[in-house]
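First comes the structure, then the notes that go with it.
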Amino acid sequence: MLPSDSAENLGNGCGAKRIDLMKNDSNTTKYISSNNVASTVRCRKPLSSDNPTAEELALDDELQRHIMNINTKGDRKFILSESVEGEERRRIALEKFAGLVNEWDREISTAKNIQIDNSENHNHSTVQIRLFGSSRLGVINCKSDIDILVLAPAHITAEDFFTSLSQKLYSHGDVESIYSIPEAYTPVMKVKLDSYSLDIIFTSIKYNIVPHNIDVLDLRCLRGMDDQNVRSLNGARVAEWMCKLIPNMKTYAFTLRVVKHWAKQRGIYSNVLGFLGGVNFAILVTFVCQLYVNACPFTLLQKFFTVMVRWRWPHPILIHTYAGDFQMKDPDGTQFTEWNPKLNHKDALHMMPIITPAYPSMNSAHNV
């Protein structure tokens, strides 16, 4: 049950409870904005820091054995997590893709007379490749797509990405298919390489060379970007934020795997069809892990369904927020619109707000 000091009546006469976000004091951390001013970010304190009881640990062991049995037997092996052999094949496919991108990068830079300072980039490449989504969060299974961000400097454009890189990949013998959607809300190139599905996003930042140690959470990365580039970078920034906000990655990953399996078994896992999808469940499980920081997966699963059943939608799920009315502005006055139901009547109509942690925040479940 939820602690009495963290819940309140729904007011509908049914006696149900809900978590009240605003009753919990917040910790604060600092992050750099585009004008080099430290911006305050609120991180919620947990409802409970209790360690698992002996009974909970025994039940957790039983759960772990059950999930392992599901994952390693029958016709659907490794439906919950990837095998060691599968992980190695993924690594080889990713290395092959990275090699092709680096070749393409050198060709584009040479064609545009861009001189690469090798002292700054020992890989002789101006482009960086980053994983996000389930690969970054450590929850892949045998059927997981690989979400990839190609982070490029200013001289490489989206047109280059969807033309010359697409052609280079198409001519490679191990690439089975390519489907580019440059006109999508978040443009994407879908590639089948060594039997793995790659969902590749591109964004360009105002650097001559992408530093190998670049922090995509630094808001200065957003300088000079249009809304489309910001959306393309958002997936990687959300994943990095979640890795910072999750108290225990091991218990989180196991809990998220089970929740996603539960949803898929019931045919309610598809953001495209109006249900919750991967990023939605990832944020929801992060939220519950923040509330019960030392809980074992068995307890987190219980708490997940308890919290979600009692949640008073459309009250938003927030795993962290910027304090006050923070709004980043470029020197030219450009600013990005965040999810804000008080200022945007369309946001106020959302039925199930599950808000992304990266600025500018968005409702990941706007179509639910």
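Computed values, structure above
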quantity: Test result for Thr299, more than 24 Å from Val230 (Cα to Cα) and at pLDDT 95 or above; calculated: yes
quantity: So Leu301, is it more than 17 Å from Gly235 (Cα to Cα) and outside any loop (DSSP other than H, G, I, E, B); calculated: yes
quantity: Some residue of segment 170-184 being in contact with a strand residue (DSSP E or B) (Cβ under 7 Å, 6 or more places away or on another chain), surrounded by 20 or more Cβ atoms within 10 Å (Cβ to Cβ) and of a type in the set (Phe, Trp, Tyr); calculated: no
quantity: Arg76 at pLDDT below 85, open to solvent by 80 Å² or more (accessible area, probe 1.4 Å), out of contact with any His (no Cβ under 9 Å at 6 or more places or on another chain) and among the basic types (Lys, Arg); calculated: yes
quantity: Counted residues, segment 180-216 - those being at pLDDT 95 or above, in contact with a Gly (Cβ under 8 Å, 6 or more places away or on another chain) and among the basic types (Lys, Arg); calculated: 0
quantity: Exclusive hit being among the acidic types (Asp, Glu), more than 30 Å from Ile156 (Cβ to Cβ), modelled with pLDDT of 85 or more and open to solvent by less than 70 Å² (accessible area, probe 1.4 Å), set Glu85, Glu62, Glu56; calculated: Glu56
quantity: The lone exception for Leu169 - which of (1) aliphatic (A, V, I, L, M); (2) at pLDDT 95 or above; (3) within 21 Å of Gly235 (Cα to Cα) it fails; calculated: (3)
quantity: Where a residue in segment 97-108 is in contact (Cβ under 8 Å) with a residue 24 or more places away in the chain and its partner, wherever it lies, is open to solvent by less than 30 Å² (accessible area, probe 1.4 Å) and among the small types (Gly, Ala, Ser), with Cβ under 6 Å and at least six apart; calculated: Asn102/Ser125; Asp105/Ser125
quantity: Residues satisfying the stated conditions in segment 144-170, i.e. among the β-branched types (Val, Ile, Thr) and in a helix (DSSP H, G or I); calculated: Thr163
quantity: Number of the exception - Asp147 against (1) within 30 Å of Val258 (Cα to Cα); (2) surrounded by fewer than 18 Cβ atoms within 10 Å (Cβ to Cβ); calculated: (2)
quantity: Residues that are open to solvent by less than 20 Å² (accessible area, probe 1.4 Å) and touching a His at 6+ places or on another chain (Cβ under 8 Å), drawn from segment 354-368; calculated: Pro357, Asn363, Ala365
quantity: Close pairs from segment 222-239: first farther than 12 Å from Ile205 by Cβ and in contact (Cβ under 8 Å) with a residue 60 or more places away in the chain, partner open to solvent by 10 Å² or more (accessible area, probe 1.4 Å) and basic (Lys, Arg), Cβ under 7 Å, at least 6 apart; calculated: Ala239/Arg136
quantity: Residues of segment 334-368 satisfying the condition of being in a loop (DSSP other than H, G, I, E, B) and among the polar types (S, T, N, Q); calculated: Thr334, Thr337, Asn340, Asn344, Thr356, Ser361, Ser364, Asn367
quantity: Residue count for segment 154-168, restricted to those that are surrounded by fewer than 20 Cβ atoms within 10 Å (Cβ to Cβ) and of a type outside the set (Ser, Thr, Tyr); calculated: 7
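The values are calculated or read from the model by the stated rules, or taken from the named source; none is laboratory data. These numbers were taken from a predicted model, which means no experiment stands behind them. Ideal geometry is used to build each Cβ from the backbone, glycine not excepted, and the neighbour counts take in all protein chains shown. Each accessible area value is taken on the protein alone, full model and side chains, heavy atoms only, with ligands, DNA and RNA left out. Shrake-Rupley method; radii C 1.70, N 1.55, O 1.52, S 1.80 Å.
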